[in-house]
Amino acid sequence: MPYVEETYDIVVVGAGHAGCEAALAAARLGLSTIMFTVSVDSIALMPCNPNIGGSSKGHLVRELDALGGEMGKNIDKTFIQSKMLNQSKGPAVHSLRAQADKQEYTRQMRMTLENTDHLTIRQGEVGEILVEDGAITGVKTCSGATYHAKAVVLATGTYLKARCIYGDVSTPTGPNGLQAANHLTDSLKAHGIELFRFKTGTPARVDKRSIDFSKMEEQFGDERVVPFSFSTDPETVQKEQVSCWLTYTNEETHEIIRANLDRSPLFSGAIEGTGPRYCPSIEDKVVKFPDKNRHQVFVEPEGLYTNEMYLGGMSSSLPEDVQYAMYRTVPGLEHVRIVRNAYAIEYDCINARQLKPTLEFKAIRGLYSGGQFNGSSGYEEAAVQGFMAGVNASMQVLGREPFVLDRSQAYIGVLIDDLVTKENHEPYRMMTSRAEYRLLLRQDNADLRLRAIGHEIGLVDDETYEKTLKKERDIQAEVERLENTTVGANPRIRAFLEKHGSTPLKTGATMAELIRRPELDYFALAEIDERRPELPADTAEQVDINIKYEGYLKRQQQQVAQFKKLESKRLAEDFDYSTVKSLRREAVQKLNLYKPASIGQASRISGVSPADISVLLVHLEQLRHGKGTV
């Protein structure tokens with residue numbers, strides 16, 4: 001019986017946020033690419049929250065954009081509200097967050113994919129990976145078709161053997177009732193890939209017409225919108241925005257939840273998978289934080305052309321009748337009508353320590369993995385991993401050097417290093433606190449940090465890169481001008497300082513010295529700075545940050561230099577750590593299990609102590625002088 005048989009450079013399995021970025025990266029690098037999805041209607045689907053970005057996640061999206069990814073551009077086209085979070089804090093934790101029109105987000109991304117050269121989209125379920133002599137050779141679909149490839153990227157998200165659950169209702173589907181992928185798991189296990197069972201959840205969607213917004217706090221977007229993509233003209237995103245709303249649970253809500261915990265599959269044992277610590281269900285919150293008498297509920301529109309509203313903060317797997325009872329205790333939701341029930345979803349994902357920092361499987365050459373399938377959570381985390389997996393698959397096919405970002409270069413580097421180095425027994429979520437060098441890794445300077453790398457890869461064009469180089473030159477020139485421009489202790493300056501509550505000058509001072517005062521900044525000095533050039537807002541922001549935080553930035557750069565020393569000390573993939581005398585048994589076991597690429601990575605493995613690292617450093621030094629053997 002004849003079956004379809006085709007050949008591509010790269011196969012991408014999955015068309016969520018990870019699959020989209022992987023496929024676009026490969027195709028844009030000129031490689032023939034095919035992307036499989038169980039449903040074309042699920043391309044770039046947002047099955048949970050209707051937003052992109054947020055604390056630390058905004059950093060990931062802007063880094064992805066700087067490297068040549070698509071998510072930032074797509075949300076700029078499709079947002080309905082935008083807000084810069086944490087503005088009362090320092091610039092290291094400022095994060096952009098935008099509400100999306102879900103259907104429009106999917107439509108625009110699909111349109112981009114469908115009009116990308118070298119990219120084929122195929123609806124079909126991949127049921128088997130094909131491996132010969134430890135290397136991937138392609139995939140086979142459940143229809144029997146074979147697709148030969150030089151590299152394969154797995155980006156299956158939450159679809160593998162997915163099961164949606166609320167109360168005693170359990171359906172073997174992917175998110176939003178879409179078809180699950182039920183066959184690939186067995187093939188992966190047959191090739192020795194270790195899988196976990198994880199869980200995530202989503203709240204109910206409700207009918208806007210059944211909500212009393214007068215009992216809620218209205219949440220507005222920013223007056224001046226900052227785009228996600230560095231390529232987006234800021235003027236094109238200044239538009240009328242929709243409102244979101246804030247309300248709260250109360251003791252009555254919590255009492256209903258407590259009284260029905262025995263009916264929750266999360267607590268009855270019906271759910272086997274491990275859920276996300278940092279995005280818990282409402283029943284989890286009530287049980288784990290009994291002292292809290294209320295929890296926030298964010299009521300967010302799902303789009304401009306639907307009345308569905310998302311109840312952020314109230315994900316649940318409780319039965320349908322309990323969902324109605326608890327939601328209707330919340331101010332403004334007393335008469336709410338549910339459109340889609342809240343549910344939990346269980347799915348298969350991998351233990352990410354099986355991956356190299358390139359996101360290639362250690363045991364199967366040419367097989368890469370990205371997104372929630374790697375045990376992470378979130379659209380943004382998925383997208384950046386898909387991009388990195390797609391780029392590295394492409395680099396291998398093209399015979400070029402692999403592409404790895406370290407922890408000092410990007411939040412992306414922190415995310416992937418954490419996934420492949422640390423033991424993750426729950427869905428991983430990115431947070432600013434995970435980044436040691438977050439003052440350097442701000443979302444506002446992602447283009448300055450990463451555009452050159454995107455250009456070198458081949459995903460940032462010459463014109464875009466030249467704009468970034470000009471921005472760098474303009475920042476440097478303006479900082480130098482301010483460091484060398486002096487103002488005197490004259491009446492005009494005295495009046496300016498008094499107006500801003502700043503200490504009067506006794507002698508002359510440079511403009512830069514004034515900017516470093518807590519109560520002043522680059523923008524405030526405009527009224528006394530007659531020779532100031534006209535700079536774009538983002539360039540002026542960099543001037544202000546570079547001067548005001550100069551001491552802190554230099555200190556962190558020194559820390560990065562120390563970090564780089566350890567990262568530069570490479571370790572062989574096939575090194576047997578049991579041959580190193582004085583290493584503790586636990587360290588030997590962990591090091592042989594993880595096979596770290598460097599001393600730096602070894603130092604971040606749980607169970608490897610600073611004393612073990614010292615032993616390794618001595619051993620490496622002996623090897624360098626020919627006193628030991630590998």
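Tabulated results
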{"quantity": "Members of segment 319-342 that are open to solvent by less than 40 Å² (accessible area, probe 1.4 Å) and of a type in the set (A, V, I, L, M)", "calculated": "V322, M326, V330, L333, V336, I338, A342"}
{"quantity": "Pairs, first assigned to a loop (DSSP other than H, G, I, E, B) in segment 145-157, second among the aliphatic types (A, V, I, L, M) and open to solvent by 20 Å² or more (accessible area, probe 1.4 Å), C-beta under 8 Å, six or more apart", "calculated": "A145/V4"}
{"quantity": "Lone qualifier among E255, E283 - being open to solvent by 70 Å² or more (accessible area, probe 1.4 Å), in a helix (DSSP H, G or I), over 30 Å from V226 (Cβ atoms) and of a type in the set (D, E)", "calculated": "E255"}
{"quantity": "Any hit, segment 336-353, residues being among the small types (G, A, S), in contact with a Phe, Trp or Tyr (Cβ under 8 Å, 6 or more places away or on another chain), at pLDDT below 95 and farther than 30 Å from N592 by Cα", "calculated": "yes"}
{"quantity": "Pairs, first in a helix (DSSP H, G or I) in segment 221-240, second open to solvent by less than 60 Å² (accessible area, probe 1.4 Å) and at pLDDT 95 or above, C-beta under 6 Å, six or more apart", "calculated": "P234/P227; V237/D76; V237/V225; V237/P227"}
{"quantity": "Pair list, Cβ < 6 Å and 6+ apart or interchain, from segment 434-457 residues that are within 13 Å of D406 (Cα to Cα) and open to solvent by less than 20 Å² (accessible area, probe 1.4 Å) to residues that are modelled with pLDDT of 95 or more and of a type in the set (D, E, K, R)", "calculated": "L450/E63"}
{"quantity": "Of all residues making up segment 610-630, the number that are of a type in the set (G, A, S) and either at pLDDT 90 or above or not in a loop (DSSP other than H, G, I, E, B) (or both)", "calculated": "2"}
{"quantity": "Selection within segment 520-537 - farther than 30 Å from S229 by Cα, surrounded by 11 or more Cβ atoms within 10 Å (Cβ to Cβ) and of a type in the set (D, E)", "calculated": "E527, D529"}
{"quantity": "Matching entry among Y278, Y310 (being modelled with pLDDT under 95 and either open to solvent by less than 10 Å² (accessible area, probe 1.4 Å) or under 24 Å from the mean Cα position of the chain (by Cα) (or both))", "calculated": "Y278"}
{"quantity": "Unique residue being more than 30 Å from P402 (Cα to Cα), out of contact with any strand residue (DSSP E or B) (no Cβ under 7 Å at 6 or more places or on another chain) and at pLDDT below 95 when the list is T507, T579, T539", "calculated": "T507"}
{"quantity": "Selected residue [in contact (Cβ under 8 Å) with a residue 12 or more places away in the chain and either surrounded by 17 or more Cβ atoms within 10 Å (Cβ to Cβ) or of a type in the set (A, V, I, L, M, F, W, C) (or both)] from A495, A540", "calculated": "A540"}
{"quantity": "Output for segment 21-69, where each listed residue is polar (S, T, N, Q), touching a Lys or Arg at 6+ places or on another chain (Cβ under 9 Å) and part of a loop (DSSP other than H, G, I, E, B)", "calculated": "S55, S56"}
{"quantity": "Positions within segment 525-562 being closer than 16 Å to T486 by Cα and aliphatic (A, V, I, L, M), in sequence order", "calculated": "L525, A526, I528, I547"}
{"quantity": "Every pair of residues 6+ apart whose Cβ atoms lie under 9 Å, when the first sits in segment 54-67 and is at positive phi while the second is in a helix (DSSP H, G or I)", "calculated": "G54/E380; S56/V93; S56/E380; S56/Y411; S56/T432; S56/S433; S56/R434; S56/Q443"}
{"quantity": "Checklist (1) surrounded by fewer than 19 Cβ atoms within 10 Å (Cβ to Cβ); (2) over 22 Å from L405 (Cβ atoms); (3) within 31 Å of the chain's Cα centre (by Cα) applied to F563, failing item", "calculated": "(2)"}
{"quantity": "Among the residues listed as N424, N445, N392, the single one being polar (S, T, N, Q) and assigned to a loop (DSSP other than H, G, I, E, B)", "calculated": "N424"}
{"quantity": "Residue match in segment 474-489 (condition: touching a Ser or Thr at 6+ places or on another chain (Cβ under 9 Å), buried (at least 18 other Cβ atoms within 10 Å of the Cβ) and over 30 Å from G413 (Cβ atoms))", "calculated": "yes"}
{"quantity": "Verdict on S369 being modelled with pLDDT under 95 and in contact with a strand residue (DSSP E or B) (Cβ under 8 Å, 6 or more places away or on another chain)", "calculated": "no"}
{"quantity": "Verdict on K208 being out of contact with any helix residue (DSSP H, G or I) (no Cβ under 6 Å at 6 or more places or on another chain), surrounded by fewer than 18 Cβ atoms within 10 Å (Cβ to Cβ) and in contact (Cβ under 8 Å) with a residue 60 or more places away in the chain", "calculated": "yes"}
{"quantity": "Enumeration of residues in segment 260-275 that are at pLDDT 70 or above and open to solvent by 70 Å² or more (accessible area, probe 1.4 Å)", "calculated": "D262, R263, F267"}
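The values are calculated or read from the model by the stated rules, or taken from the named source; none is laboratory data. Everything numeric here is computed off the predicted structure, so don't read it as measured data. Because the Cβ atoms are built from the backbone with ideal geometry, glycine has one as well, and the counts that use them run over all protein chains shown. Surface accessibility is based on the protein's heavy atoms, side chains included, excluding ligands, DNA and RNA. Shrake-Rupley method; radii C 1.70, N 1.55, O 1.52, S 1.80 Å.
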